[in-house]
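The values are calculated or read from the model by the stated rules, or taken from the named source; none is laboratory data. Here the structure is a predicted model, which is why all the values come from computation and not from measurement. Neighbour counts run over all protein chains shown; Cβ positions are idealised from the backbone, glycine included. Just the protein is used for accessible areas: all its heavy atoms, side chains included, with ligands, DNA and RNA removed. Shrake-Rupley method; radii C 1.70, N 1.55, O 1.52, S 1.80 Å.
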Amino acid sequence: MKNYAKRIAATVVMTAVCLGATIQLGLPKMAYALGNGSGETMMTVDGVNVQKEEYSGYYGYYKTMMENTYGMGAYLWSMYPEAVQQLLAVADNNCLYARVVIKHFDDLGLKLDRDITWEYKQYRNEFAAAAAEQGITFDELLAQQGVDEKMFSSLYVLNAYIDALNDHYYGPNGEKAPKEDEIRAKFEKFFKAKHILIRSSKENGDAYSTEELAEKEALVKEIQDKLVAGEDFDALMQQYSEDTGLSFYPDGYIFQDDGSFVQEFVDGVKALEDGKISQPVKSDFGWHIIKREALTDEDYEAQRMDLVYQMTGESIDSLIEQWMQEAEVEYPDGHEQLTIADILGEEAGKLPEVPGVEEGGSTDPEADSGASSAAE
């Protein structure tokens, strides 16, 4: 399964607390259950009711997320009552998102591999181990994030549904994907390289003194001599490179000659054969000692979806957004006035008094510089 963390963090979130994982007889299989049709209906998506138990899971999760994000806890809702409406909109959007994903997954007759159950158990065990390192239980760790295991498993399975939809439409031989040889041909125009960067100016843009610049030039010569003597490029890169992107791209950059990298660096890469190391190449950033790397099948798989997007202007995210816009969504009367207490109960709806704000005082962020600072 792919890219769970990135999807969970998306603005239109990929959560599916609305639905719970079930284990069937025989070989265990995880799936979403749409509910038995009982309970208060919070919204309807393409004729499917989202019930209160399901809806409140989303709502509780994003309530906790917003409190943590702004660092204000439950004071957020006392100080900024309008945030309750934002929370409601997020819950609405997430239920809508989940429902259209599941609807199209089912309509296409897609199935998850049964290995999903074992993959989930491994994923869960990793979280349980993280909880143990903190001296708390797995359930306590989830509670800190406003979720329970039902939602935790739902997140996992929903993302598996998204991956299956992505493969159906944009995977190899996908319904909306270009031909694979066309994608490969575009990929073959990419380059891959590592470099040891020694900067010719400070990170803030200030110039080095003449003495400092001479020291940098001497360091470039020293590194070059070590490479000639046979020392390992990667070890020297980790020791000396001043490239701030190194920690994010330790295996090198994969790029096109499209202006995204300084031309001196690109030309230096293009002049090399795979595995060869350049003489120092000077750019506005400093000196680059470059090692060109061979592109691999793993690199192709990592870049493939970006290439599909470049070639079609489409992705699974844009497709799901289209489905959301096309869905028929209905809300019961008074939905937009729902409060935290209405959805999560009276106890959760008890909001703390804001220290230093008298009854009837302003909660306008612009009028409260301290609150504005905290929110930022």
- What ³J(HN,Hα) values, in whole Hz, does the Karplus curve 6.51 cos²θ - 1.76 cosθ + 1.60 give for the range 131-146 when θ = phi - 60°, with x put for Gly and Pro? 5, 4, 5, 8, x, 10, 7, 4, 5, 5, 5, 5, 4, 4, 9, x
- For Glu242, which sequence-distant residues (separation of 5 or more, or a different chain) have an amide H within less than 5 Å of its own amide H, given hydrogens modelled in the peptide plane? Leu197, Ile198, Arg199
- Item | Alpha-carbon Rg with Dmax, taken over the range 219-304, Å | 13.1, 39
- Item | Pairwise FRET efficiency - Glu212 versus Glu301, Cβ, R0 = 45 Å, nearest 0.05 | 0.55
- Using the Cβ atoms and a cut-off under 14 Å, what net charge is assigned to the surroundings of Lys150, where Lys and Arg are +1 and Asp and Glu are -1? -4
- Message: Tell me whether the range 132-238 comes out rounded, prolate or oblate; compute the Cα gyration tensor, take square roots of the eigenvalues as a ≥ b ≥ c, and use a/c under 1.5 as the rounded threshold.
- Response: oblate
- Given the range 67-106, what whole percent of its Cα pairs are spread farther than 17 Å? 45
- Message: Sort Met311, Met324, Met151 by heavy-atom solvent-accessible area, probe 1.4 angstrom, most to least.
- Response: Met311, Met324, Met151
- Query: Tally Lys and Arg at +1 and Asp and Glu at -1 over the other residues with C-beta under 11 Å from the C-beta of Asp274: what net charge comes out?
  - Reply: +2
- With every protein chain kept in the model, how would you rank Val101, Val228 by accessible area, 1.4 Å probe, largest at the top? Val228, Val101
- Per-residue SASA entry for His168, accessible area with 1.4 Å probe, Å² rounded to 10: 60
- Where the convex hull is taken over the Cα atoms of the range 123-174, what is its projected area averaged over directions, in nm²? 4.2
- Over 25 Å between Cα atoms, which of Lys189/Lys216; Lys111/Lys189; Lys63/Lys350; Lys186/Lys226; Lys111/Lys186; Lys202/Lys276 qualify? Lys189/Lys216; Lys111/Lys189; Lys186/Lys226; Lys111/Lys186; Lys202/Lys276
- Message: If each residue of separation counts as 0.36 nm, what is the full-extension length gain between Val228 and Ile136 once their alpha-carbon separation is subtracted?
- Response: 27.8 nm
